[in-house]
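Here's the structure we're looking at; comments come further down.
The values are calculated or read from the model by the stated rules, or taken from the named source; none is laboratory data. All figures in this text were calculated on a predicted structure; none of them were measured in a lab. Note that we place each Cβ from the backbone using ideal geometry, even for glycine, and neighbour counts take in every protein chain shown. Just so you know, the surface numbers come from the protein's heavy atoms only, side chains and all, with ligands and any DNA or RNA stripped out. Shrake-Rupley method; radii C 1.70, N 1.55, O 1.52, S 1.80 Å.
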Amino acid sequence: MIRLERRPTPSRAWAAATPVLAVVLTMLAGGLMFAALGKDPVAAIRTIFWDPLFNPQFAAYSRPQLLVKAGPLILIAVGLSLGFRAGVWNIGAEGQYIAGAICGAAVGLAFYPADLWLVFPLMVIAGAAGGILWAMIPALLRVRFGTSEILVSLLLVYVAQNMLAAMALGALRNPEGGGFPGSRNLSQYPAAANPELIAGTGLHWGVVAALVAVVGAQWLLGRHILGFQIRLAGQAPRAARFAGVRPDRLVVLCMGISGALAGLAGLFEVAGPAGQISIDFNAGYGFTAIIVAFLGRLNPLGILAAGLLMALTYIGGELAQFMLGLPAAAIQAFQGMLLFFLLALDLLSNWRVRLTVGRAA
Amino acid sequence: MTELLRIEALTKAYPGVVANSAVDLAIAPGEVHALLGENGAGKSTLVKMIYGLVQPDAGHMTWKGAPYAPRKPGQARAAGVAMVFQHFSLFDALDVAENVALGMETPPPMRDLSARIARVSRDYGLPLDPDRRAGDLSAGERQRVEIIRCLLQDPRLLIMDEPTSVLTPQEVGILFQTLRQLAAEGTAILYISHKLEEIRALCDRATILRRGRVVATCTPREVSARDLAELMVGQTLTPPRRAARAPGEVALAVRGLSVASPVPFGTALREVDFAVRRGEVLGIAGVAGNGQDELLLALSGELPSAPGMVTIAGVPMGQAGPDARRRAGLVAAPEERLGHAAAPDMTLTENALLSGAIRKGLVRRGLIDWTGARAFAEGIVAGFDVRTPGVGVAARALSGGNLQKFVVGRELLQDPAVIVVNQPTWGVDAAAAAAIRQAILDRAAAGAAVVVISQDLDELLEIADRFAALNGGRLSPARPVEGLTVQEIGLMMGGAHGMEVAHHGP
């Protein structure tokens, strides 16, 4: 019989080993699923994990996609992870992402066609401000009236989506677009564009911001008293109050940081890869980032790795769909397995498995 | 003498510790048997085996001459064993009768049950209204619910785990009358305690455990309390030394402090008034749940009040948070170690930073001085004899007593002007408790004003200069400890909470 025993101190070795183990187990279980669907499991796994990066036929297109997709995921997830660590549950990053994109794009479009170096920096500020503004609604409602930030932030996503549609059809619509929905293309307006910085890499300012956020969060959590308070509030709320942490202040701060980073991600996306405000501009990064945050164990470096891995399974999954004819649902199931194994194995860092012979009772 | 329960060579080991090693014990019907020992001596493990919560590794038990090996508490209850736990398991939102029904194997209809509760409570002098909500009961009344729940099962053996830690002296007297009545009717009682005078007053025989072994059995009435203590601890105890000192100016003043409790069913503080001078120790007694936690929160700054209600060194600080009060010189050590005084999953270094950041200057312009925090943690470990492999282990890995030493040490080593501690030696062995009390007295001698909140009257009488008691959120006027009688203390703590009538009827 199998028994679980709590470890007195969390095991560092297991905490490091479980992500690798989880990927291996996902490959095994996913391979079985692909085989059951009548596909070659080895080919399917290779198509998902190897071909996007190294297959000479596809890599030229898909390799830059890795950073393009991972950038916003990491940027948003790092912000969310700070809140999640403090017990502040911002589920509505998708909405803050949209709000940041709308505000940033609006500033850029307002200057069109002026050729000023100042335009892009102003857009960045506006994008962050838009995200903060959207995040302050659930934050202040919680602080003032004790509402659940989970519900409010989530529901505000749908409000943001409708605002996005209204903007694409109304205020921000391209006057020279022949009546079609969607704004001017910002990537074709040099002062406002967020271009690929090194050709063929997919690196744009959003990716740079994501890396800065990773380093910043790592420093904050390790060296700064605010990071300590964030960790303390999440682990032991009463001890945090004893230590002088003001819970309300922390809620506003964490929501503000995660909102700002989500808004930035939206701005960099709308000014770069997406190019314009359109009805279906948002691609679900804000929700996927929640998974990335937990996949990375709410640790900045872990989130960096998890964001890249998640982006890879998306790109590889798409590739597998049209190369091998795998159904989209199978790819989603595969991604689900990855999350499942990671979280299930997470148990091992805090608990020890004991096999006992015979009846213990 | 026919034996009810005989225990032979009972042994139980947990990973890393032998809780019971070849323990022998025998109880006859109608006998009040004391199980005496320090925290961690193995008392709880032994009774858990009798009650079927834990299975022994070796040895055996006989019940009325037949082999007895309960696999679960239900089997023990069916045999006639009942247990009143130290920590009550009542649902605050349910009434007394419902709570009693929840603990029974086959509860009778509610109307019959209420009548039976009323009858048992009258027969044994334990007044209790079956229709009252558990959340509104005092600690003593909650214990009565547990006792009556046991008595309704008509037990042959009643196990009581530290029953008096939540009672006033008067309530203890009434409980003892009930227990003597039960014993006279033939019920055996296994009485767990470390309070020696109680055991000498109540028990027929005593078994003394130390580190899992039986070190002595005796008739408590024939042995002095001091001898019992030394048997229990295994060493000679030295009472703390206190230097004579002249109290200085008032360091902490509390005026008309009234605040609501932050928790449901908590006790609001009402018009609490006291002042503590530098070099003085004020002891605050009270039965658990009479506002001790709230008082600590209101003093530490976690529970704000009107500005003038709490004054530190002459500065009104009622609205100031914990950080500002620490800057003003006040440190606090809450009762609950894991989760309040310390974060369970954080290392000792991180926990040292938790409350020491301000007074030890461990944060400069937002940046944490980890080297300084580690040195501070190591200083606490060395200064208070905290047994740990290092300061990098998680707080939850420490035993309760060691963590208590760490938590109290962390506050005392911050060179405070005002110290507030709640239950400073709770769950700590006698030698460590003596060390903690001595350290508190040393800080007072160095000029700190000290408030000690405790449910251990002996502790308060030992270290306090003045004594006050909390009762229903109100604080009695403080009186000098010298010349105070147990009777007076009991009245300050609220007397018997309306229990006197119980034993006066025909």
- Three principal axis extents, largest first, for the C-alpha atoms of chain A, in Å? 79, 58, 33
- Shielding by other protein chains, A:4-13, mean Cβ within 10 Å: 2
- Label point at residue B:17 placed 7 Å out along Cα→Cβ; residues across segment B:385-420 whose backbone nitrogen lies under 15 Å: B:387-389, B:396-405
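Just list whichever of B:72/B:195; B:12/B:405; B:12/B:48 have alpha carbons separated by over 22 Å in the model shown. Mind showing how you got there, number by number?
Values: B:72/B:195 30 Å; B:12/B:405 28 Å; B:12/B:48 11 Å.
Over 22 Å apart, Cα to Cα: B:72/B:195; B:12/B:405.
Just to confirm a number: summing +1 for Lys and Arg and -1 for Asp and Glu over residues other than residue B:38 whose beta-carbon lies under 10 angstrom from that of residue B:38, what do you get?
Values: positive: B:43, B:210, B:211; negative: B:429.
Every neighbour counted, the sum reads +2.
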- Query: Counting only residues 5 or more places away or on other chains, whose amide H sits under 5 Å from the amide H of residue A:184 once H atoms are built in the peptide plane?
  - Reply: A:174
- chain A - charge dipole about Cα centre, Lys and Arg +1 at Cβ, Asp and Glu -1, debye rounded to 20: 1720
- Message: Testing the spin-label approximation: label points 7 Å from Cα along Cα→Cβ at residue A:283 and residue B:268. State their distance in nm.
- Response: 5.8
- Message: For the ranges A:33-41, B:51-59, B:339-347, what's the packing order if you count other beta-carbon atoms within 10 Å of each residue, average per peptide, and put the highest first?
- Response: B:339-347, B:51-59, A:33-41
- Item | Angle in degrees between helix B:110-123 and the longest Cα principal axis of chain B, rounded to the nearest 10 | 80
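Carbon and sulfur atoms: what percent of the 1.4 Å accessible area of chain B do they account for? Walk me through the numbers before you get to the answer.
Values: 10550 of 20240 Å².
Heavy-atom surface of chain B belonging to carbon and sulfur, 1.4 Å probe: 52 percent.
Apply 1/(1 + (r/R0)^6) to the Cβ-Cβ distance of residue B:71 and residue A:12, taking R0 = 30 Å, and write down the FRET efficiency to the nearest 0.05. All intermediate terms of the calculation are to be shown ahead of the outcome.
Working: r = 39 Å, r/R0 = 1.30.
E(calc), rounded to 0.05, equals 0.15.
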- Among A:51, A:280, A:346, residue whose mean-square fluctuation peaks in a GNM of chain A (springs only between Cα atoms under 10 Å): A:280
- In whole angstrom, the spacing between the Cα centers of segment A:154-176 and segment A:95-145 equals 14
- Note on the structure: The answer for chain B, accessible area per residue at 1.4 Å probe in Å², is 40
- Which of these, A:105, A:328, A:320, has the largest mean-square fluctuation under a Gaussian network model of chain A (Cα springs below 10 Å)? A:328
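Applying a 10 Å radius around every beta-carbon, put B:191-202, B:119-130 in order of their mean neighbour count, most first.
Details: B:191-202: 20.1, B:119-130: 17.7.
Sorting B:191-202, B:119-130 by mean packing, highest first, produces B:191-202, B:119-130.
Considering only the other residues whose Cβ falls under 12 Å of the Cβ of residue B:359, what net charge follows from Lys and Arg at +1 and Asp and Glu at -1? Let's see the in-between values first.
On the way: positive: B:325, B:326, B:327, B:360, B:410; negative: B:323, B:411, B:415.
In short, +2.
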- Contact-by-burial set, segment B:315-357, min loss 20 Å², accessible area of protein heavy atoms with 1.4 Å probe, reference chain alone, gives B:322, B:323, B:326, B:336, B:339, B:340, B:343, B:345, B:346, B:350, B:353, B:354
- Note on the structure: Given a Förster distance of 41 Å, the FRET efficiency implied by the Cβ-Cβ spacing of residue B:319 and residue A:301, rounded to the nearest 0.05, works out to 0.50
- Message: Explain nothing, just the number: dipole magnitude of the protein assembly as shown about its Cα centre with +1 on each Lys and Arg Cβ and -1 on each Asp and Glu Cβ, in debye rounded to the nearest 20.
- Response: 1160
- Message: Between A:265, A:293, A:333, where does the largest GNM mean-square fluctuation fall for chain A, given springs only between Cα atoms within less than 10 Å?
- Response: A:333
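How high is the relative contact order of chain A? Use alpha-carbon pairs under 8 Å, at least six apart in sequence, and give a whole percent.
Values: 629 pairs, mean separation 127.5, N = 361.
Answer for chain A is 35 percent.
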- Item | For segment B:378-419 versus segment B:211-226, the gap between their alpha-carbon centres in whole angstrom | 32
- Can you find, among A:239, A:256, A:271, the residue farthest towards the positive end of the dipole of segment A:161-274? Put +1 on the C-beta of Lys and Arg, -1 on that of Asp and Glu. A:239
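Using a probe of 1.4 angstrom, how much of the accessible area of segment A:59-325 is carbon and sulfur, in percent?
So the carbon and sulfur contribution to the accessible surface is 67 percent.
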- Per-residue HN-Hα couplings for segment A:57-73 [Karplus 6.51, -1.76, 1.60; θ = phi - 60°; Hz; x = Gly/Pro]: 6, 9, 4, 4, 7, 7, 5, x, 4, 4, 6, 4, 7, 6, x, x, 4
- Query: Mind listing the phi-derived Karplus ³J(HN,Hα) values for segment B:53-69, rounded to whole Hz, using 6.51, -1.76 and 1.60 with θ = phi - 60°, and x for any glycine or proline?
  - Reply: 7, 9, 9, x, 7, 8, x, 8, 10, 10, 10, 6, x, 9, x, 9, 8
- Note on the structure: Computed for chain B: size of charge dipole around the Cα centre, +1 on C-beta of each Lys and Arg, -1 on C-beta of each Asp and Glu, debye to nearest 20, value 840
- Item | Net charge contributed by nearby residues that have their C-beta within less than 15 Å of residue A:54 (K/R +1, D/E -1) | +1
- Enter the buried accessible area of the B/A pair, total of both sides, probe 1.4 Å, in Å² rounded to the nearest 100. 2400
- Residue (of A:101, A:21, A:65) at the positive-pole extreme of segment A:1-151, dipole from beta-carbon charges: A:21
- How much mean residue ellipticity at 222 nm does chain B get from its helices, if each DSSP H run of length 4 or more adds -39500 (n - 2.57) and you divide by all residues, to the nearest 500 deg cm²/dmol? -9500 deg cm²/dmol
- Which residues' amide hydrogens lie under 5 Å from the amide hydrogen of residue B:190, considering only partners 5 or more residues apart or on another chain, with H built in the peptide plane? B:33, B:158, B:159, B:160
- Item | Within chain A, helix-based [θ] at 222 nm, where runs of 4 or more DSSP H residues each add -39,500 (n - 2.57), nearest 500 | -23500 deg cm²/dmol
- Query: Could you give me the ³J(HN,Hα) list for segment B:459-467, computed from phi with Karplus coefficients 6.51, -1.76, 1.60 and θ = phi - 60°, whole Hz, x at Gly and Pro?
  - Reply: 4, 5, 5, 6, 10, 7, 8, 10, 9
- Query: From a point 7 Å beyond the Cα of residue B:86 in the direction of its Cβ, which residues of segment B:329-343 have a backbone N at a distance under 19 Å?
  - Reply: B:334-341
- Query: Between A:322, B:19, A:141, whose Cα lies farthest towards the positive end of the dipole of the protein assembly as shown when Lys and Arg beta carbons carry +1 and Asp and Glu beta carbons carry -1, centred on the Cα centre?
  - Reply: A:322
